[in-house]
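Here, each number is a calculation from the coordinates, and none is a lab measurement. Source: prediction; values computed, not measured. Cβ placement follows ideal geometry from the backbone for every residue including glycine, while neighbour counts extend to all protein chains displayed.
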Amino acid sequence: MNAYLGVDVGSVSTNFVLMDEQGKLLDSLYIRTKGQPIQAIQAGLKALEKQVPPSLNVLGAGATGSARQLTGVIIGADIVKNEITAHAVAAMHCVPDVQTVLEIGGQDSKLIIIRDGVVVDFAMNTVCSAGTGSFLDHQAARLGIPIEEFGKLALQSKQPVRIAGRCSVFAESDMVHKQQMGHKTPDIIAGLCDALVRNYLNNVGKGKSIAAPLVFQGGVAANQGIRHAFEKELGVPVIIPEDFGVMGALGMAILAKENRAQGKKTSFRGFGASELRFATRSFECNGCPNQCEIVEIRQDETVLARWGDRCHKWQNTTRGEAAS
Amino acid sequence: MKITFPHMGTSWIGFKTLIEGIGHEVVLPPPPTKRTLDLGTKYAPEFACLPFKVLLGTYLEAIELGADTIISSGGVGPCRAGYYTQLQKRILQEQLGHDVRVITFEPLNRNWVGTYRIFRDLIRVNLREFIGLLWLTWQKLLALDAIERESHRVRPLEVNTGSTSRVVSKAFADIDKADSVKKVKDVTRDNLEKMNSLPQDAHRHPLKVGVIGEIYVVLEPFVNLDVVETLGHMGVYVHRSIFLTDWTIENTVLDAFRVEGEMNIKKAARPYLPEMIGGHGQNSIGETILYAKKGYDGVVQLAPFTCIPEIVAKSIIPKVSRDYNLPVLTLMLDEQTGKAGISTRLEAFVDLLAMRRVRLGGEIA
């Protein structure tokens with residue numbers, strides 16, 4: 001059987017998707033990055049190898065996420081793309097007439113505006129990470145509620161309290177204050193969801209024309225409280241795709257398939273890449289006053305790639321060269 | 001006197017020639033680095049904008065290198081940057097106790113007498129020599145801008161990534177060394193030829209993007225995280241809205257004769273923003289409209305975090321963008337801004353522009 005692999009290595013999670021020729025999801029995998037992208041990628045490849053039939057033939061691979069460049073080298077990706085494009089592609093795959101994509105992940109949130117199948121505008125959170133997955137995780141842990149139950153509790157609320165959502169630090173102290181005043185936990189959680197959605201729409205959504213059909217994806221889409229708050233605030237139904245948690249990876253599998261359709265052979269290393277020994281090191285280039293920090297990726301003694309140089313002199317001279 | 005001045009793109013090459021020529025030692029402002037910004041951030045008010053912090057850091061580094069005099073410029077207000085030098089002076093002299101002289105050039109027609117006094121005090125050569133030096137400085141600034149302009153055209157076409165940037169560095173070094181107008185012209189011509197003869201792919205039709213925003217962040221690559229070069233390496237033709245020599249003619253020379261510069265830009269902006277709001281706020285609106293009329297694929301707005309004129313422009317731009325059907329990406333730059341975040345946004349923006357051009361029936365490669 002033929003398949004395409006998409007990998008999304010973000011700050012919090014590393015996601016894998018295998019998709020068949022018809023665009024159907026064969027398998028997906030979600031693991032924590034824990035600040036070790038190479039280990040996470042290799043662990044994921046190993047786990048996937050165990051799950052798939054040995055006859056599976058990977059015809060193309062794509063990488064995205066904040067570690068997309070590194071991931072591209074480790075797995076031998078045919079295509080490396082930014083998260084916004086990957087998420088937009090996946091959303092259009094699941095809901096072809098989608099006009100707005102809300103994406104909230106571990107540490108960032110995005111808004112993508114699509115018209116007639118083309119991305120026409122987008123925004124990402126800039127200085128503030130309030131309302132992203134890590135913050136919700138932290139608050140759930142503080143209240144002693146499993147993150148899976150967190151959103152459901154919000155739905156029980158009849159009278160959400162008002163929480164200051166401008167900043168995660170203020171939101172937290174405001175929540176503590178509301179607890180001490182004696183408000184019920186579901187009301188506080190529902191209030192937090194409302195506040196975070198308001199913050200998202202004011203920050204990321206400022207000046208953007210949000211229209212239905214509207215898709216909500218990323219890890220936080222699992223939170224029913226946030227979903228409900230979006231519907232309340234925007235007054236339109238929010239569609240959550242079945243594979244909301246791995247949409248970035250799905251987008252890359254789709255792009256890898258399109259890339260293959262142009263007749264290009266894959267450079268995917270195979271699941272065996274989990275056994276290879278990769279190492280990174282960094283050094284400062286003293287070629288000019290810019291003093292760029294160069295990162296070098298090696299497999300055993302072979303330099304696979306270097307980057308970080310403004311002038312591209314290191315980038316241009318890498319593939320296959322022996323390390324000195 | 002050991003004189004230093006703000007680091008803004010390549011202009012130091014011109015200013016160095018002028019200040020050395022009139023008989024002073026130059027302490028070159030080091031190109032801003034992470035350390036410059038850390039120093040500036042440490043002593044600046046928290047909500048001052050990015051240029052304030054970088055400049056303060058630059059002055060502190062130059063003082064470490066022995067500078068005893070700082071030359072900077074004022075402004076035509078309402079943007080608060082016009083008062084920044086005054087505040088920086090107080091921080092340096094009163095708060096940190098540095099024995100340093102700060103000289104501020106205010107716009108000519110607002111301060112003829114003051115400007116004359118500064119010149120009388122500084123210039124150690126006769127008038128003829130001084131005019132010659134001004135001419136040489138001006139020729140160097142023109143040459144630097146010509147090199148940069150051409151690099152924006154060639155970079156997206158280059159076959160070997162980075163080859164254009166290498167010629168550019170060489171050209172800057174040559175112009176710095178040149179000691180006569182003739183030499184400046186010779187090395188500029190040679191380097192332009194060299195740039196043009198680099199292997200290029202003539203079949204590409206690069207996306208065209210205009211870069212607008214506040215002058216300091218547009219001109220200083222360290223502060224804008226190399227937006228222009230990064231876009232060039234992504235295969236995009238960049239038109240930078242601001243070049244120092246154009247700006248000088250429009251805002252200093254014309255202003256001295258009480259003629260308002262950049263009239264076409266201001267006229268274009270008027271239906272959306274009829275007021276001069278300081279800085280480059282009105283220009284950012286006007287330039288976006290002009291880029292739309294010239295058929296550009298998109299615009300990138302560069303704004304220092306907390307820059308009021310650019311914040312005003314940012315909130316008007318969505319309307320301009322809809323009316324003229326031109327995508328605009330705003331990048332707010334501050335000390336927290338990481339290169340990774342900027343690259344992700346730029347890559348996504350370039351993808352968007354490419355898809356849009358194909359949809360509109362155009363081609364790229």
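In loop segments of the range A:1-96 as defined by DSSP, the GluC sites (Glu not before Pro) with at most 14 further C-beta atoms inside 10 Å of their C-beta are A:E21. Translational diffusion of the range B:111-237, estimated by Stokes-Einstein from the Kirkwood radius over alpha carbon pairs at 20 °C in a medium of 1.002 mPa s, is 128 µm² per second. Look at where the Cα atoms of the range B:325-365 and of the range B:169-196 average out, and the two centres are 33 Å apart. Sorted ascending by nearby beta carbons within 10 Å, beginning with the fewest, A:C292, A:C193, B:C79 become A:C292, B:C79, A:C193. Checking every one of the GluC sites (Glu not before Pro) in the range A:178-272 against DSSP loop status and a limit of 12 other Cβ atoms within 10 Å picks out A:E242.
Neighbouring Cβ atoms from other chains, within 10 Å of the Cβ of residues in A:110-122, number 4 on average. Computed over the Cα atoms of the range B:206-365, the ratio of the radius of gyration to the Kirkwood radius (Rg/Rh) comes to 0.96.
Against chain A, whose longest principal axis comes from its Cα atoms, helix A:168-181 is set at around 30 degrees. For the range A:96-240, the antiparallel share of DSSP beta bridges with both residues in that region comes to about 65%. When the alpha carbon gyration tensor of chain B is reduced to an equivalent ellipsoid, its three semi-axes come out at 33, 25, 20 angstrom, largest first.
Across all C-alpha atoms in the range B:321-363, the radius of gyration and Dmax reach 13.0, 41 Å. For the range B:224-298, pairs of C-alpha atoms spaced more than 20 angstrom apart make up 41 percent of the total.
Taking the Kirkwood radius as Rh and the Cα radius of gyration as Rg, the range B:133-201 has a ratio of Rg/Rh equal to 1.01. Amide H contacts of B:V26 (H built 1.01 Å from N, in plane; Pro and chain starts excluded): B:I3 sit under 5 Å, all sequence-distant by 5 or more or on other chains. Placing unit charges on the Cβ atoms of the charged side chains and taking the dipole of the protein assembly as shown about its Cα centre, the candidate lying farthest along the positive direction among B:W112, B:N283, B:A143 is B:W112.
Here is how the number arises for the protein assembly as shown: DSSP H runs of 4 or more residues each give -39500 (n - 2.57), the sum is divided by the residue count, and the result at 222 nm is -13500 deg cm²/dmol.
For B:L333, the residues 5 or more places off, or on other chains, whose built amide H falls under 5 Å of its own are B:A303, B:F305. Backbone amide hydrogens, once placed in the peptide plane, bring A:V80 within less than 5 Å of A:A63, excluding anything fewer than 5 places away on its chain.
Across peptide B:339-349, the average count of Cβ atoms from other chains found within 10 Å of a residue's Cβ is 5. Of the beta bridges in chain B, as assigned by DSSP with both residues counted there, near 5 percent are antiparallel.
Remark: spin-label model distance B:L127-A:C288 equals 4.3 nm, labels positioned 7 Å along the Cα→Cβ axis.
The range A:29-54 and the range B:70-104 have Cα centres lying 56 Å from one another.
Taking the empirical scaling 2.2 N^0.38 Å for compact globular proteins as reference, the protein assembly as shown has a Cα radius of gyration ratio of 1.04.
Please give the helix A:224-234 orientation as an angle from the longest Cα principal axis of chain A, in degrees from 0 to 90, rounded to the nearest 10. With both axes taken from Cα atoms, the answer is about 70 degrees. Counting only alpha carbon atoms, the long axis of helix A:247-261 and the longest principal axis of chain A meet at about 40°.
Placing a label point 7 Å from the Cα of B:R101 along the Cα-to-Cβ line, the residues of the range B:121-163 whose backbone N sits under 20 Å from it are B:121-127, B:130. Expressed in units of 2.2 N^0.38 Å, where N is the residue count, the Cα radius of gyration of the range B:2-125 is 1.03.
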